[in-house]
1. Could you identify the single residue in Ala153, Ala125, Ala81 that is within 26 Å of Tyr42 (Cβ to Cβ), in contact (Cβ under 8 Å) with a residue 12 or more places away in the chain, among the small types (Gly, Ala, Ser) and in contact with a Gly (Cβ under 7 Å, 6 or more places away or on another chain)?
2. Out of (1) closer than 22 Å to Pro148 by Cα; (2) surrounded by 15 or more Cβ atoms within 10 Å (Cβ to Cβ), what's the single condition that is false for Pro95?
3. For Gly134, indicate whether it is open to solvent by less than 60 Å² (accessible area, probe 1.4 Å) and within 11 Å of ligand 2 (Cβ to nearest atom).
4. Among the residues of segment 137-156 satisfying the criterion of being of a type in the set (Gly, Ala, Ser) and surrounded by fewer than 16 Cβ atoms within 10 Å (Cβ to Cβ), which is nearest to the chain's Cα centre (by Cα)?
5. Output the number of residues of segment 118-131 satisfying the condition of being open to solvent by 20 Å² or more (accessible area, probe 1.4 Å) and within 10 Å of ligand 1 (Cβ to nearest atom).
6. Assuming Val34 fulfils every condition listed in (1) more than 16 Å from the chain's Cα centre (by Cα); (2) not small (Gly, Ala, Ser); (3) not in a helix (DSSP H, G or I) apart from one, which condition is it?
7. If the requirement is being surrounded by fewer than 22 Cβ atoms within 10 Å (Cβ to Cβ), touching a residue at least 40 places away in the same chain (Cβ under 8 Å) and closer than 18 Å to Val135 by Cβ, which of these qualifies: Ala87, Ala21, Ala75?
8. For segment 167-181, state whether one or more residues are touching a Cys at 6+ places or on another chain (Cβ under 9 Å) and within 14 Å of ligand 1 (Cβ to nearest atom).
Amino acid sequence: MKRIVVLISGSGSNLQAIIDACGEGRLNGQVVGVISNKADAYGLTRAATAGIATQVLSHKGFADRESYDAALVAAVNDFGADLVVLAGFMRILTPVFVGAFEGRLLNIHPSLLPKYKGLNTHQRALDAGDNEHGVSVHFVTAELDGGPVIAQAKVAVDSSDNADSLAHKVHLKEHVLYPMVCGWFVDGRLQMGEGKAWLDGQVLPPCGYATH
Ligand SMILES: Nc1nc2c(c(=O)[nH]1)N[C@@H](CN(C=O)c1ccc(C(=O)N[C@@H](CCC(=O)O)C(=O)O)cc1)CN2
Ligand SMILES: NCC(=O)N[C@@H]1O[C@H](COP(=O)([O-])[O-])[C@@H](O)[C@H]1O
């Protein structure tokens, strides 16, 4: 059973979706550890309720990003991770961390990459007047939100939408997409190579695998 370590900073609804998928046999992995940089992350409660080991590693106690990332690498390795999943983890990672896990390090990002890298994506899509928005799952590289896209899902933007309603629509897609992509990895179907994402031996297009 592949060992999954999930990094969070907040609510952990994507963590919960992955925990549920493992528990229901839809994902052939086991979440063996959850690490948060925020002590008040509700995702820690979700993990504890599921009987999963948790650790809080605040970035505030470190002199710089690199020393924090070195401690985070050690914490992840202590859990013996096969796959490292960023699920609302809100710290930019340095090559110290990325270099340790690249190729088995995933992130979920609330936009249709390459649009809206960074933060505040829902409001940016609204401000731009976009009629569609969505979510991307990608391999993590040193370039922020620039790693090879694996899969995307779209949502319609309605005139009545605000950032919160858009976030809710995106969350619903995330909770299906992320467990699916994690399952591809643990089943050995998904790799990163030559700076691209590969599924079943075929390179994925820049926008990844499109789901509905
Ligand atoms: N090297 C990489 N690190 C991270 C990636 C990545 O692709 N490459 N993805 C992000 C996740 N993310 C968007 O999906 C993201 C997270 C955090 C930030 C950011 O600006 N963080 C600030 C702090 C913000 C806060 O504490 O609220 C910071 O680190 O100074 C941007 C994008 C995870 N890391
Ligand atoms: N830039 C990273 C980022 O914004 N990630 C986003 O944070 C949310 C975490 O929700 P959750 O804690 O309920 O899973 C998710 O919507 C995820 O796409």
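The values are calculated or read from the model by the stated rules, or taken from the named source; none is laboratory data. Source: prediction; values computed, not measured. We place every Cβ from the backbone using ideal geometry, glycine too, and count neighbours over all the protein chains shown. Accessible surface areas use protein heavy atoms only, side chains included; no ligands, DNA or RNA. Shrake-Rupley method; radii C 1.70, N 1.55, O 1.52, S 1.80 Å.
1. Working: Ala125 fails: in contact with a Gly (Cβ under 7 Å, 6 or more places away or on another chain); Ala81 fails: in contact with a Gly (Cβ under 7 Å, 6 or more places away or on another chain).
Being within 26 Å of Tyr42 (Cβ to Cβ), in contact (Cβ under 8 Å) with a residue 12 or more places away in the chain, among the small types (Gly, Ala, Ser) and in contact with a Gly (Cβ under 7 Å, 6 or more places away or on another chain) holds for just one of Ala153, Ala125, Ala81, which is Ala153.
2. Against the list (1) closer than 22 Å to Pro148 by Cα; (2) surrounded by 15 or more Cβ atoms within 10 Å (Cβ to Cβ), Pro95 comes up short only on (2).
3. Numbers: open to solvent by less than 60 Å² (accessible area, probe 1.4 Å): yes; within 11 Å of ligand 2 (Cβ to nearest atom): yes.
Spelling it out, Gly134 is indeed open to solvent by less than 60 Å² (accessible area, probe 1.4 Å) and within 11 Å of ligand 2 (Cβ to nearest atom).
4. Step one: list which residues in segment 137-156 are of a type in the set (Gly, Ala, Ser), which gives 142, 146-147, 151, 153, 156.
Pick out the ones that are also surrounded by fewer than 16 Cβ atoms within 10 Å (Cβ to Cβ) and you get 142, 146, 156.
Working: Ala142: 15, Gly146: 13, Ala156: 22 Å.
Within segment 137-156, the match that is nearest to the chain's Cα centre (by Cα) is Gly146.
5. Pass one, segment 118-131, residues open to solvent by 20 Å² or more (accessible area, probe 1.4 Å): 118-120, 122-124, 126-131.
When the remaining residues are screened for being within 10 Å of ligand 1 (Cβ to nearest atom), the result is 118-120.
Adding up the residues that qualify gives 3.
6. (1)
7. On the way: Ala87 fails: surrounded by fewer than 22 Cβ atoms within 10 Å (Cβ to Cβ); Ala75 fails: closer than 18 Å to Val135 by Cβ.
On inspection, the qualifying residue turns out to be Ala21.
8. Within segment 167-181, the first condition is being touching a Cys at 6+ places or on another chain (Cβ under 9 Å), and the residues that meet it are 179.
Narrowing further to those that are within 14 Å of ligand 1 (Cβ to nearest atom): none.
No - not one qualifying residue is present in segment 167-181.
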